[in-house]
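The values are calculated or read from the model by the stated rules, or taken from the named source; none is laboratory data. What you see is a predicted model; the values in this text were computed from it and never measured. Cβ atoms come from the backbone with ideal geometry, glycine included; neighbour counts cover every protein chain shown. SASA here: full protein model, heavy atoms, side chains in, ligands and nucleic acids out. Shrake-Rupley method; radii C 1.70, N 1.55, O 1.52, S 1.80 Å.
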Amino acid sequence: MSRYALTVAVLGGLVLALAILSLAAGPAGIGVLPGLSDMLHGRETIAATIIGQIRLPRMILALLVGGTLGLSGAALQGLVRNPLADPGVLGISGCGALGAVLVFYTGVSAVWAPALPLAALSGAGLATLLLLALTRGGTLVLVLAGAALGSMSAALLALTLNLVPSPYASYEIMHWLMGSLSRASLHDVLIALPGLLIGSAFLLGTGRSLDALTLGEDVAHTMGFSLRAVQWRVVIGTALAVGSGVAVAGGIGFVGLVMPHLLRPLVGARPSRLLLPSALGGAALLLAADLFVRLPVSGTELQLGVVTSLIGTPVFFWQVWRLRGRPV
């Protein structure tokens, strides 16, 4: 078995084990299999309610959101050929969150439910388009553009919170912005599922094009790959995946930065070989982080986005350290 196949198999097994643990974790001592059996057979038991309405949606969203964040990070790094590319670091997640919060604030989502994911998708898509327009400027321009987008979205989010008349509503928005799956429901799964799956399909289909781009744009063109086409596929895929994830889970950063960095020594630097492992690694990371925040270490549950940021920030600093002295 090749190293790539072994890595994918190990990550797949890890995701499966963590998914089962996610269904089993909780203060209520119920069995996973009896709860799933009751749910599938339509029995209205406590176990069926806890598994079907609380733990299963949380597990599904952790798996899908983590997977798409890891996949988006790998695709963005392959497209711009920059190890610092990540939806959170480059402000894409922040702009998606801004779109969702504006819908919250104006009350449009209460009247028309699809407005929330559409607003998050629009914010993430506009941010990705702007970054792609600046990728020819090199590493420094890309990082500065991402920092500017992140600062702008943070400032506008702060302004929105300042204008919210109700302190309770302001607390709810702040709680959501830090990222959490504690209130995940089947309704959230249905809202996010189309965008997450379609976005992932777009990104997984870019592997050969991204491999060609590593040889240079001219070489890729002679091989029959259009730079404009692969850019649009990555833009659409990232916007759908990140926007859908932000709409239901809030701001969860650094997953797309961490996983390609950790897996590149195992599967190689070719973008096509990083896409699937990064998706599996992102799913495993978010499932593990969600299990961690449920530990009774304090009186309140930790926010998921805080935990992923604490994991990802050292990796980000390490990447910056490795890039020091290189031309930008």
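Remarks
- Residues located in the range 171-212, provided they are buried (at least 18 other Cβ atoms within 10 Å of the Cβ) and in a loop (DSSP other than H, G, I, E, B): 179, 180, 181, 184, 206
- Search result, residues across the range 221-242 that are open to solvent by less than 70 Å² (accessible area, probe 1.4 Å), more than 23 Å from residue 100 (Cα to Cα) and not small (Gly, Ala, Ser): 225, 227, 230, 231
- Residue match in the range 221-234 (condition: closer than 25 Å to residue 61 by Cα, in contact with a Ser or Thr (Cβ under 9 Å, 6 or more places away or on another chain), part of a helix (DSSP H, G or I) and in contact (Cβ under 8 Å) with a residue 60 or more places away in the chain): yes
- Some residue of the range 243-252 being open to solvent by less than 40 Å² (accessible area, probe 1.4 Å), closer than 23 Å to residue 317 by Cα and not polar (S, T, N, Q): yes
- Members of the range 257-296 that are of a type in the set (A, V, I, L, M), within 22 Å of residue 17 (Cβ to Cβ) and open to solvent by 60 Å² or more (accessible area, probe 1.4 Å): 262, 266, 276, 295
- Failed condition for residue 325, given (1) open to solvent by 10 Å² or more (accessible area, probe 1.4 Å); (2) at negative phi; (3) of a type outside the set (D, E, K, R); (4) modelled with pLDDT under 85: (2)
- Counting only helices (runs of 4 or more DSSP H) that fall entirely inside the range 1-112 and contain at least 1 residues that are free of Cβ contacts under 8 Å to residues at least 12 places away in the same chain, more than 20 Å from the chain's Cα centre (by Cα) and more than 23 Å from residue 273 (Cβ to Cβ), the qualifying elements are 3-24, 32-40, 46-50, 92-106, 108-111.
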